[in-house]
Amino acid sequence: MPAPFLSPERNMPMFLKIEKLVMQFGGLTAVDSFSLELQPGELVGLIGPNGAGKTTVFNMVTGTYKPSAGKIHWLDQDITGLPVHQITAKGLARTFQNVRLFAEMTVLENVMVSMHITLQASFWKAMLGLPHYRKEERRIRDEALEYLRELGLAHLADEKASSLAYGQQRRLEIARALATKPRLLLLDEPAAGMNPLETKDLAQLVREIRDKYGLTVLLIEHDMKFVMGLCERIKVLDHGITIAEGTPSEIQSNPHVIKAYLGEPKHA
Amino acid sequence: MTRDRVKLVLNILALLLLFSILYFFDRYGSPYHVRILNNMGIFITLAVSYNLVNGYCGVLHLGPNAFIAIGAYTSSLLTMSPLEKQMNFIIEPLMWPLSVLQAPFSLSLICGGVAAALFAFLISFPVFRVRGDYLAIVTLGFGEVVRVLCNASQSVTNGPLGLKGLTPHTNLWWSWGIAVLTLILVVRLVNSSYGRAMKAIRDNEPAAMAMGVNPFRHLLMAFLISAFFCGVGGGLLAHLITTISPTLFTFFLTFNLLIIVVVGGLGSTTGAVLGAILFAWGGEALRVVESPMNLGFMTLPGIPGMRMVLFSVILMLVIIFMRRGIMGHREFSWDWILDKLQRKEAELKKP
């Protein structure tokens, strides 16, 4: 029974709520008063010119940077400033703008690293090779292979991660993020460096994994065709300030957005 | 027979072979050969555990000499009888609980390992606040601190006089038994999920963190396990040499271990073993260069320390021509050999 003094809206499960985040590097304000609320299952895009502070927002949400001010609420918990690995364990996973794979490890091992947080057996069981650990290791291997199959990388499982083609490396990053079993997936320029055909496949893939794993997706992307075709809601940043928010068609006709991307129209 | 069965049988056969070789040397070998083999076993223990931190976690840790010193002193003080201790500590008597405690060799080794791991735990908080060169300097500092403390605490370590007349407990069974045990445990660890987490931290720490790996926890784990086995190795070393003093545990010892793991291949346990064997054997074989040499037309005088010059040259050559050491990140595996054999068989069967 809900407590009587709680207002009705308190009973709504809060998913992700970002309140007035500020990030200052010395005298530079990289992000100013950034607010965002996500509902479960949404596919939201974050766009803006270079240096707008998009990746900084990601870094604050995932714990890499500690915000100078503001709060991040996740499922009714305040996660502002928690260490990265704890935030990941709470169900937020990310990919990186510049691919950051474990280059010396195989494709399969890359995904298996993400499954490490699900491991129950302690290290001495691993050192002694006890059955409990072996069972867990088999489970991790099988599940990791499942994620590779999902992303179409299963045939490359034993290759070194650094030997993959660029597009495949990006896919592996997504597989690795999925293996942490997130509820919110943050994709930082997933289509960067991809050709139009790969980009189209990627959009399809993002939709598929969202439906299959019940994810909410927040993504940064410069490819406008990709963002407009995929995202249900878009937020535009410029110089750290939110300048627009709305559906793709609203964004496309917003004069502030056009100004930020193309500059002021010249008057004759 | 399944692959796993075959590998188990091969492992047991390899162990039997190793121990029959040891038995042969134990029975018929000269004390000189036995000594070299003992050194090999101990250096395998030290190098494999050192490599766990340096090779698998990618952390340049330069203080294993501290762990070895702590292990050596702890286990020596435990195996010496109260009477021996009284005879050793002539300037200042040994402080109380240590002066009466005595333990069998096996227990003293474990205590040595635990003491080293405890020390590692204490220093881990400042050490893992930094990375890279800074971490190297911090660990180097702690290594030096321990040596200086050994020199200064007359009532615990007997200062520069050291401990003399230890019972030579270390024999081939002890040194190689512990080496094999260390090898099995470390290999299991690095091939496990915990080992993968460590390698992930080495390859890309921010990404490892984003995948939910807690870097401090895993670095600490590797550091403590490594310190434990270094401590045990120190205990073995003390009871092989039978006389220990602070000069034994200078940075020079760390430098030797570093040569072993770099030449063998950072991040390869096989490499660490090979490096240790080459080092223990090469160290003796190269003694030739330190004795006077008659080249027919002239006689070169023997220069003590010439071996180390040669070692440095070898290290430089390895770094220039084989940047990743003898093994790189590769490991010895039965799978590789069995695959080769099967392929050959298949080729022979083809008409």
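The values are calculated or read from the model by the stated rules, or taken from the named source; none is laboratory data. This is a predicted model, so every value here is computed, not measured. Here the Cβ is made from the backbone with ideal geometry for all residues, glycine too, and neighbour counts use every protein chain on show. Each accessible area value is taken on the protein alone, full model and side chains, heavy atoms only, with ligands, DNA and RNA left out. Shrake-Rupley method; radii C 1.70, N 1.55, O 1.52, S 1.80 Å.
Numbers below:
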| quantity | calculated |
| --- | --- |
| In the stretch B:190-246, residue farthest from A:Ala144 (Cα to Cα) [restricted to those that are hydroxyl-bearing (Ser, Thr, Tyr) and assigned to a helix (DSSP H, G or I)] | B:Ser226 |
| Test: residue in the stretch A:84-91 that is more than 7 Å from chain B (Cβ to nearest Cβ), touching a Ser or Thr at 6+ places or on another chain (Cβ under 7 Å) and modelled with pLDDT of 95 or more | yes |
| Which listed residue is at pLDDT 90 or above, in a helix (DSSP H, G or I) and buried (at least 23 other Cβ atoms within 10 Å of the Cβ), from B:Phe67, B:Phe121 | B:Phe67 |
| Near pairs, Cβ below 8 angstrom, 6+ apart or cross-chain, from the stretch B:30-57 (closer than 12 Å to B:Ile178 by Cα) to any residue that is outside any helix (DSSP H, G or I) | B:Asn38/B:Thr170; B:Asn38/B:Asn171; B:Ile42/B:Thr170 |
| Qualifying residue in the stretch A:174-190 (condition: more than 18 Å from the chain's Cα centre (by Cα) and among the acidic types (Asp, Glu)) | no |
| Checklist (1) touching a residue at least 24 places away in the same chain (Cβ under 8 Å); (2) open to solvent by less than 30 Å² (accessible area, probe 1.4 Å) applied to A:Gly214, failing item | (2) |
| Search result, residues across the stretch B:92-118 that are under 20 Å from the mean Cα position of the chain (by Cα) and open to solvent by 80 Å² or more (accessible area, probe 1.4 Å) | B:Leu107, B:Ile110, B:Leu118 |
| Residue match in the stretch A:54-62 (condition: open to solvent by 10 Å² or more (accessible area, probe 1.4 Å), part of a strand (DSSP E or B) and either closer than 14 Å to A:Arg233 by Cα or assigned by TED's automatic domain parsing to the domain that holds A:Arg233 (or both)) | no |
| Residue list for the stretch A:70-83, restricted to those being more than 14 Å from every other protein chain (Cβ to nearest Cβ) and open to solvent by 10 Å² or more (accessible area, probe 1.4 Å) | A:Gly70, A:Lys71, A:His73, A:Leu75, A:Asp76, A:Gln77, A:Asp78, A:Thr80, A:Gly81 |
| Residue pairs meeting the criteria (Cβ under 8 Å; at least 6 apart or on separate chains; first more than 7 Å from chain B (Cβ to nearest Cβ), in the stretch A:95-107; second among the acidic types (Asp, Glu) and in a loop (DSSP other than H, G, I, E, B)) | A:Gln97/A:Glu189; A:Thr106/A:Asp158; A:Thr106/A:Glu159; A:Val107/A:Asp158; A:Val107/A:Glu159 |
| Looking only at the stretch B:197-251, and only at residues there that are touching a strand residue (DSSP E or B) at 6+ places or on another chain (Cβ under 8 Å) and not aliphatic (A, V, I, L, M), the one that is surrounded by the most Cβ atoms within 10 Å (Cβ to Cβ) | B:Ser245 |
| Filter result for B:Met198 (within 19 Å of B:Val127 (Cα to Cα), of a type outside the set (D, E, K, R) and in contact with a His (Cβ under 9 Å, 6 or more places away or on another chain)) | yes |
| Qualifying position, being in a loop (DSSP other than H, G, I, E, B), under 30 Å from A:Gly263 (Cβ atoms) and either open to solvent by 50 Å² or more (accessible area, probe 1.4 Å) or assigned by TED's automatic domain parsing to the domain that holds A:Ile234 (or both), among A:Pro49, A:Pro40, A:Pro67 | A:Pro49 |
| Matching residues in the stretch A:120-137 - criterion: being under 19 Å from A:Leu148 (Cα atoms) and either open to solvent by 30 Å² or more (accessible area, probe 1.4 Å) or at the interface with chain B (Cβ under 7 Å from one of its Cβ atoms) (or both) | A:Glu137 |
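Quick grid of which residues meet (1) assigned to a loop (DSSP other than H, G, I, E, B); (2) more than 11 Å from chain B (Cβ to nearest Cβ); (3) open to solvent by 70 Å² or more (accessible area, probe 1.4 Å):
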{"residue": "A:Gly152", "(1), (2), (3)": "yes, yes, no"}
{"residue": "A:Asp158", "(1), (2), (3)": "yes, yes, yes"}
{"residue": "A:Ile174", "(1), (2), (3)": "no, yes, no"}
{"residue": "A:Lys181", "(1), (2), (3)": "yes, no, yes"}
